[in-house]
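As structure tokens, the structure follows; a few thoughts come after it.
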Amino acid sequence: MKPEALLHPTPAGLFCPIGRFHVDPVRPVERALITHGHSDHARAGHGKVLATRQTLDIMRIRYGEDFCGAEQAVGFGESVDIDGVSACFHPAGHVLGSAQILIQKDGLRINVSGDYKRGVDPTCASFVPVPCDVFITEATFGLPVFHHPDPKAEIGKLLTSLKQFPDRSHLVGAYALGKAQRVIRLIRDCGYDEPIYIHGALAKLCDYYQGQGIALGDIRPATIEKSTPDLFKGAVVVGPPSAFQDRWARRFNEPLISFASGWMMVRQRAKQGGVELPLVISDHCDWPELLETIREVSPSEVWVTHGREEALVRWCELQGLPARPLHLVGYEDEGD
């Protein structure tokens with residue numbers, strides 16, 4: 001069987017005609033397999049959704065009780081038969097509940113890795129290399145220039161700034177799902193035990209993470225009255241990056257704007273966003289990690305779904321490994 005007969009790109013996303021399901025579809029479909037809860041991969045309105053329990057819970061938090069017609073939870077390492085096609089979920093290391101989906105039929109193994117990272121992250125299950133015939137990979141940071149530093153060293157910059165500017169409120173921009181919780185946990189693991197204040201948009205997801213046994217320490221709502229801005233002198237406040245562009249951020253005491261993202265390697269992005277303290281912390285692989293993963297899973301063919309597709313495809317070709325870009329649209333870098 002040719003791989004395209006088992007899985008191929010369509011306008012709605014990757015489609016398996018034999019099992020009659022889509023993977024991370026960008027529009028409502030009858031049957032969807034979802035790798036993780038970021039909104040560019042997990043959309044509401046599908047007839048049936050198959051995902052890990054945590055991803056289903058996160059979709060419910062983000063979209064409400066009626067986010068789909070019917071749901072089915074699957075555990076890591078568990079295979080589900082869908083009209084004669086086997087789908088097995090393995091940890092992707094991206095955010096809580098994130099999975100790679102290994103699709104198998106008649107001995108052909110196609111692994112849809114979704115978004116993934118290889119670094120240590122106590123807020124989610126670590127990536128597991130899955131040998132396969134076709135490896136479908138993202139390439140968000142798929143250029144040789146991207147080499148991510150040690151995340152704890154980046155948090156060290158934040159802690160140093162807190163000592164240098166003890167009166168300033170340090171506002172850390174971090175996406176609501178995955179990045180915010182990881183940043184909070186990193187701050188804790190680096191020895192900071194003061195209260196951390198969070199924007200209301202993070203509250204439900206932080207509560208869920210803590211309910212799943214992920215310790216975030218003393219986190220409090222970052223609500224501020226006109227008469228109490230001094231309460232946040234020298235405090236760490238975590239919120240979605242969009243919140244720091246409006247009046248909400250200006251209410252704090254001499255706010256120092258930071259942003260935790262792999263894109264903070266690009267100085268122009270930091271400058272354009274008014275970021276005073278860029279923190280290069282990514283929930284995706286950098287260039288060396290992408291290459292390491294491809295070597296480790298040892299596929300016969302590589303498909304690149306989104307990101308910097310051409311550079312990674314070219315590297316594969318130079319290794320004598322067949323590769324092609326899928327040019328899928330609708331996927332962003334929400335969890336960068």
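With the requirement that a residue be hydrophobic (A, V, I, L, M, F, W, C) and closer than 30 Å to Pro9 by Cβ, what does the range 136-163 give you?
Start the filter on the range 136-163 by keeping residues that are hydrophobic (A, V, I, L, M, F, W, C), which leaves 136, 139, 141, 143, 145-146, 153, 155, 158-159, 162.
Correct list: Ile136, Ala139, Phe141, Leu143, Val145, Phe146.
Just give me the residues in the range 102-124 being surrounded by fewer than 23 Cβ atoms within 10 Å (Cβ to Cβ), within 19 Å of Trp287 (Cα to Cα) and of a type in the set (A, V, I, L, M, F, W, C), in sequence order.
Within the range 102-124, Val120 is the sole residue that qualifies.
Of all residues in the range 43-78 being of a type in the set (Gly, Ala, Ser) and in contact (Cβ under 8 Å) with a residue 24 or more places away in the chain, which is farthest from Thr293 (Cα to Cα)?
Per the criteria, the residue is Ala44.
Quick one: in the range 239-272, which of the residues that are modelled with pLDDT of 90 or more and of a type in the set (Phe, Trp, Tyr) is most open to solvent (accessible area, probe 1.4 Å)?
Per the criteria, the residue is Phe259.
Conditions first: (1) assigned to a loop (DSSP other than H, G, I, E, B); (2) touching a strand residue (DSSP E or B) at 6+ places or on another chain (Cβ under 9 Å); (3) under 17 Å from Glu276 (Cβ atoms). Phe244 passes all but one, so which condition is the exception?
So the condition that Phe244 fails would be (1).
So the check is Cβ under 7 Å with 6+ separation or different chains; which pairs have a first residue in the range 97-110 that's in a loop (DSSP other than H, G, I, E, B) and a second one that's open to solvent by less than 50 Å² (accessible area, probe 1.4 Å) and of a type in the set (Val, Ile, Thr)?
Gly97/Thr52; Gly97/Thr55; Gly97/Ile58; Ser98/Thr35
Report, ordered by the first and then the second residue, all pairs with beta carbons closer than 9 Å, sequence separation of six or more or different chains, a first member in the range 237-260 that is more than 17 Å from Gly200 (Cβ to Cβ), and a second member that is among the aromatic types (Phe, Trp, Tyr) and open to solvent by 30 Å² or more (accessible area, probe 1.4 Å).
Cβ pairs passing all conditions: Glu254/Phe165; Leu256/Phe165; Ala260/Tyr175.
For the range 129-177, what are the residues that are open to solvent by 30 Å² or more (accessible area, probe 1.4 Å), within 30 Å of Asp57 (Cα to Cα) and aromatic (Phe, Trp, Tyr)?
The answer is Tyr175, and nothing else.
If you take the residues of the range 73-101 that are under 18 Å from the mean Cα position of the chain (by Cα) and among the hydrophobic types (A, V, I, L, M, F, W, C), which of them is surrounded by the fewest Cβ atoms within 10 Å (Cβ to Cβ)?
Among those residues, the one meeting the criterion is Phe76.
Across the range 284-314, what is the number of residues that are at pLDDT below 95 and not in a helix (DSSP H, G or I)?
Summing the residues that are at pLDDT below 95 and not in a helix (DSSP H, G or I) in the range 284-314 gives 4.
Among the numbered criteria (1) within 28 Å of Ser261 (Cβ to Cβ); (2) in contact with a Ser or Thr (Cβ under 8 Å, 6 or more places away or on another chain); (3) not charged (D, E, K, R), which single criterion is violated by Cys88?
Going through the list (1) within 28 Å of Ser261 (Cβ to Cβ); (2) in contact with a Ser or Thr (Cβ under 8 Å, 6 or more places away or on another chain); (3) not charged (D, E, K, R), Cys88 breaks only (1).
Condition first: touching a residue at least 12 places away in the same chain (Cβ under 8 Å), closer than 26 Å to His36 by Cα, surrounded by fewer than 18 Cβ atoms within 10 Å (Cβ to Cβ) and over 18 Å from the mean Cα position of the chain (by Cα). Can you find one or more residues in the range 214-225 that meet it? Steps first, please.
To start, the set of residues in the range 214-225 that are touching a residue at least 12 places away in the same chain (Cβ under 8 Å) comprises 214-224.
In the following step, the residues that additionally are closer than 26 Å to His36 by Cα were identified as 214-217, 219.
With the extra rule that they be surrounded by fewer than 18 Cβ atoms within 10 Å (Cβ to Cβ), the set shrinks to 214-215, 217.
Among the residues that remain, those that are also over 18 Å from the mean Cα position of the chain (by Cα) are: 215, 217.
For the range 214-225, residues touching a residue at least 12 places away in the same chain (Cβ under 8 Å), closer than 26 Å to His36 by Cα, surrounded by fewer than 18 Cβ atoms within 10 Å (Cβ to Cβ) and over 18 Å from the mean Cα position of the chain (by Cα): present.
What residue, of Val236, Val304, is of a type in the set (A, V, I, L, M, F, W, C), buried (at least 19 other Cβ atoms within 10 Å of the Cβ) and closer than 30 Å to Lys2 by Cβ?
Exactly one residue qualifies, and that residue is Val304.
Could you please find all residues in the range 178-204 being open to solvent by 10 Å² or more (accessible area, probe 1.4 Å) and either aliphatic (A, V, I, L, M) or within 16 Å of Leu277 (Cβ to Cβ) (or both)?
If the condition is that a residue be open to solvent by 10 Å² or more (accessible area, probe 1.4 Å) and either aliphatic (A, V, I, L, M) or within 16 Å of Leu277 (Cβ to Cβ) (or both), then Leu186, Cys190, Tyr192, Ile198, Ala201, Ala203 are the ones that fit.
For the range 134-157, indicate whether the set of residues that are over 23 Å from Ser261 (Cα atoms), out of contact with any Gly (no Cβ under 9 Å at 6 or more places or on another chain) and of a type outside the set (Phe, Trp, Tyr) is non-empty.
Just the residues of the range 134-157 that are over 23 Å from Ser261 (Cα atoms), to begin with: 134-136.
Still in the running and out of contact with any Gly (no Cβ under 9 Å at 6 or more places or on another chain): 134-135.
Add one more test, that the residue is of a type outside the set (Phe, Trp, Tyr), and what stays is 134.
Within the range 134-157, one or more residues are over 23 Å from Ser261 (Cα atoms), out of contact with any Gly (no Cβ under 9 Å at 6 or more places or on another chain) and of a type outside the set (Phe, Trp, Tyr).
The values are calculated or read from the model by the stated rules, or taken from the named source; none is laboratory data. If you're wondering where the values come from, they're calculated on a predicted model, not measured in any experiment. Ideal geometry is used to build each Cβ from the backbone, glycine not excepted, and the neighbour counts take in all protein chains shown. Note: areas computed on protein heavy atoms with side chains; ligands, DNA, RNA excluded. Shrake-Rupley method; radii C 1.70, N 1.55, O 1.52, S 1.80 Å.
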